[in-house]
Every structure is written in structure tokens, then in C-alpha cells.
1. Across the range 317-337, what is the total count of residues that are touching a helix residue (DSSP H, G or I) at 6+ places or on another chain (Cβ under 6 Å) and open to solvent by less than 60 Å² (accessible area, probe 1.4 Å)?
2. Is it the case that A209 is of a type in the set (A, V, I, L, M, F, W, C) and under 21 Å from the mean Cα position of the chain (by Cα)?
3. Here are I317, I244, I300: which of them is under 29 Å from F221 (Cβ atoms), touching a residue at least 60 places away in the same chain (Cβ under 8 Å) and among the aliphatic types (A, V, I, L, M)?
4. Answer yes or no as to whether V399 is open to solvent by less than 50 Å² (accessible area, probe 1.4 Å), touching a strand residue (DSSP E or B) at 6+ places or on another chain (Cβ under 6 Å), of a type outside the set (G, A, S) and closer than 20 Å to M418 by Cα.
5. Could you tell me whether the range 343-357 includes any residue that is assigned to a helix (DSSP H, G or I), more than 29 Å from S255 (Cα to Cα), among the hydrophobic types (A, V, I, L, M, F, W, C) and over 26 Å from the mean Cα position of the chain (by Cα)?
6. Of all residues in the range 212-251, count the ones that are in contact with a Pro (Cβ under 9 Å, 6 or more places away or on another chain) and open to solvent by 40 Å² or more (accessible area, probe 1.4 Å).
7. Given the residues T371, T367, T398, T426, which is the only one that is of a type in the set (S, T, Y), within 28 Å of T272 (Cβ to Cβ) and part of a loop (DSSP other than H, G, I, E, B)?
8. Against the condition at pLDDT 95 or above and more than 17 Å from L280 (Cβ to Cβ), how does D469 come out, does it pass?
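The values are calculated or read from the model by the stated rules, or taken from the named source; none is laboratory data. Fair warning: this is a prediction, and the values are worked out from it, not measured in the lab. All Cβ positions, glycine included, derive from the backbone under ideal geometry; neighbour counts span all protein chains shown. The accessibility values were calculated without ligands, DNA or RNA, using every heavy atom of the protein model including side chains. Shrake-Rupley method; radii C 1.70, N 1.55, O 1.52, S 1.80 Å.
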Amino acid sequence: MRRTRRLTRHTGMVAAMLACLPLAACSAGSTATGSAGKNSLNIGLTAEPANFDFTKTEGAAIPQALLNNVYENLVKLDQSGKVRPQLATSWSLSKDRRTYTFQLVKNAKFSDGAPFTAEDAKFSIDRVPTDWTLVQKAQMDVVDTVRAVSPTELKVTLKRPSNDWLYRMTTRVGAMFSRTGVKKLATEPVGTGPYVVKRWNRGDSITLARRDGYWGREPYFKSVTLKYFKDPTAMNNALLTGTINVIGQMQSPDSLYRFENNPKYKVIEGTTNGEVVLSLNNGSGPMKNPKARQAVRYAIDHKALMDTCWGGRGKLIGSMVPPTDPWYQNLTNQYPYDRDKAKKLLKESGQAGRTLRLRLPTLPYATACGTVVKSQLEQAGFKVKLDQLEFPAAWLTTVFKSADYDMSIIGHVEPRDMQTVFGAKTAYTRYDNPEFRALLKKADQGSQREQITSMRAAARLLSKDAAADWLFLLPNLMVADKSITGLPVNSVSESLDLTGLGRS
């Protein structure tokens, strides 16, 4: 199989959380927004992360800001979700489906001046299982050997055939690092991309600057500032007053009317990978009981919930698979809204008298939908205590790492994340089903047809077990100045790819 290089840049958006740390280049009291020149762009986003090191820091925020902009991969996703060349000009796959041979670009350099070679690619892949601490590092477990044949040729041999591995190389685990640039990843990211981090005003903004000597096509914008807003109304007002040029992810869909009929703005609505999950703790507490989990699923009126807390924008899916994946199927009918059935199952479970802890991150969709979930569950006989945890630090520590919760609400925006969230019994959902894991394994090793069949079966089993409840799929809602071009209709990757944006 041969792939031909395309230098065109595509954009990708993820409804997620971004993060930063103070950099030496920051100047106290400086501002990254305000009146911008033609070659500058200001984008409004919701939440910032803790640092720039996505090898050790959870969450989709950091790759959203850095992938394709600061860091590049051997391959990337285009807007249709297909794998395309990036730092690799082409690749081939052996007949036994185990060995990938990549041909690499010849003139790429890292922002620290070091040339990018096959040795750096080998270094980047080899360090995932040894230096990374995130659950995503398991996606490299299938790799057997990595060999730099020459400065521009790389061979990667897998332990077994894998349908999933090349796709994962488009995500954070496939990011290419400099052998001399990994000592300060949290504060000084070094990549081959067209931008560098110029400034970070913690709690306010990150500014990326276009760098000289980039090997590929130069992006249009010389400077891009990612401006963070905890209040959706403040972000809307920032666009209306010209402080920002783009709302990267609309957090108050009911306020779209302010922009839809205004000729100064364009509104983009598409789909994302972002499943808004009512997470259930399968390992301890009331939700360990299968009937209690089933009662939760029957108690939720998903359409009414989406209409109430997200302005009716989004899609009901009933599973951990978005429509942009080949194995998508509509599973909303597995647990149709039935309050009487929910009450019956709750009584049978023996958990009716226990109070459920609904622990929410301080994110707009979670807080808006959390009150609706609480109300609907209480109408079905549940006792629910709702509390909010600061995001990202408190929520990640309490819920994601310690599983100290009964229920939570979070948008899982990473692509094809069913395995990450439910495939390991140590994941925060604590879902433990050997049959489910066997289906994932079969999907990865089989033919493309077998992959689709097994992934659909895995999604059905996950839903049948009521391992969680899927409230809805986040829409890709963006609002921008009319002049901004290249904005994506659908969000299919982890990256907010700035390289294809422009101004008319």
C-alpha cells in the first residue's frame, strides 16, 4: 500500500480543555488580545490545562493546542477522517500486515534548530512505553521493533497485525519529539510545526507565533492567541466587541441567535468526537449494581435533556461511537426513556435508599446538564447529591485518577476512545468485562470487515451492560468573523489545527 504526500493543511477542532504554564517569554501584565492586525487571530476557548506536557498530563487540552501547530506526526487526519502524510511523505505495509516502512521529509527541523530524522522518529515511538505515564501509552504496546534504516527511512514492526496502530499515530502518541528537546516539555515544547509558544498569561491566554524556517507551507496567520473564558457570556461578548475573532466552541447554544442573523458573523455547525458521558462507577458504590445502572439509563429523557441544557444542538447516539467512525450504529433504542421501568429496577437493585454522588467538573455543558440529570433521576426515585469540582485539577485527581465518585459528566473528545475509557479495568469507569476486551482485540487483529463487526458488537455490549449513559454527542459549534476562512465543519481529531485558517 502506498500513500502520496499532500502538503495541504486541514483543520480539526475538539471541544476540549486547554492548558499552559508560565514561560520565560511571558511579560507581566501583557495582553494577548485586543485590536489584532490582519495577520493575527484571537480564538476564544473554554478551559486551560495545567501544562504543555501531554506525555504525563491527562486531558485533551494540550494536544488541542499543540498538535499540528507546534508538534507534528508522521501522519495526520484530514477532515474526512482519513489518514494522510505529514512528516512521512509515504508509507508501505508488508504482506503480513506487521511492518510499516515510512519515507520521511528531508528538510524538516525542530524549533530548537535540530534536524528531524528517522532517529528522532524512533526515539519518539520508543519513549512512549518507557517515559509516558498516560493510559494512552498502551496504544504503543503492539510495537515490537523500530529501526532507523536511514535518515529518511523508518521501519516499524508490530507484534501482530493491528488495524488501530496507524490511526493512533495521528494522535498525541504519534507526536514527533526532538532527541534534544524533551527535558522541559511542561514549559518549553519543541516540535517541527509551523508555530512556537511565544507567550502564556496563565489564566488568560496562550500566544503562538509563526516561526521562520518551517519546512512546509507557511500558515496565513503570523500570530494566534488562544483566549480562555470560564463564562460563556463573556466569550460571546468578546466576539461581539472584537476582542476575539472566533468562538472555538460555543458553550451557550441558546445564545446563537445573537450571531445567526448578523451579517458580520458566520456560524458553523457540524459534529465532533465529543461524547457527553454520564459516567458511572462500575467498580464501587451504588453503581456497581447492574440493575441500578440500568435504572439510571431508563430514567434519563435524553431529548428533553439535550433540549434543556444544550439548546437542542447535538445528536443522540446511545453509545461511545460517533457517526464519523465506520462502526457507528444508533443504539438510542436500547434504553428508551421509561420512568416506571427505572423505578422498578431501582427497587430491585436494593440501592433505592442510597445517595448518589454526582460529581461534576466546572465546565459549562457539565454544570448545565448536571442539574437536569439530577432532576430526572430524582423523579425516578433516586437520591442525588450534586457537587462541583474545579476543572481540570480537582476533577482529574478526584474522579479520573481516584474514582472517588458514583456519577459524573464529562465530554470525552479523544477520537476512538471507547477502548481508552472502558477497555482497562483500571480506567476511572472501572468497567471490567473480559468479553468486551476480547471483542476489542478481535477488532484490532482482524480484517477491516471484522473490525467493523467486532467494534459494533463491543459498543452494543457496552451499552447493554449500562457501563455508562451517553447523554448526547457535542456539536461542533463555532462562530467567527465573516472574514475568517478554513474553519472546519466537523471535528475529527484532537487538534485545533491552525494551519489551514485564513482571512478573506
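1. Here the count works out to 8.
2. no
3. I244
4. Taking the combined requirement at face value, the residue satisfies it.
5. Scanning the range 343-357 turns up at least one residue that is assigned to a helix (DSSP H, G or I), more than 29 Å from S255 (Cα to Cα), among the hydrophobic types (A, V, I, L, M, F, W, C) and over 26 Å from the mean Cα position of the chain (by Cα).
6. Of the residues in the range 212-251, 4 are in contact with a Pro (Cβ under 9 Å, 6 or more places away or on another chain) and open to solvent by 40 Å² or more (accessible area, probe 1.4 Å).
7. Exactly one of T371, T367, T398, T426 is of a type in the set (S, T, Y), within 28 Å of T272 (Cβ to Cβ) and part of a loop (DSSP other than H, G, I, E, B), namely T426.
8. When the stated conditions are applied, D469 does not pass them.
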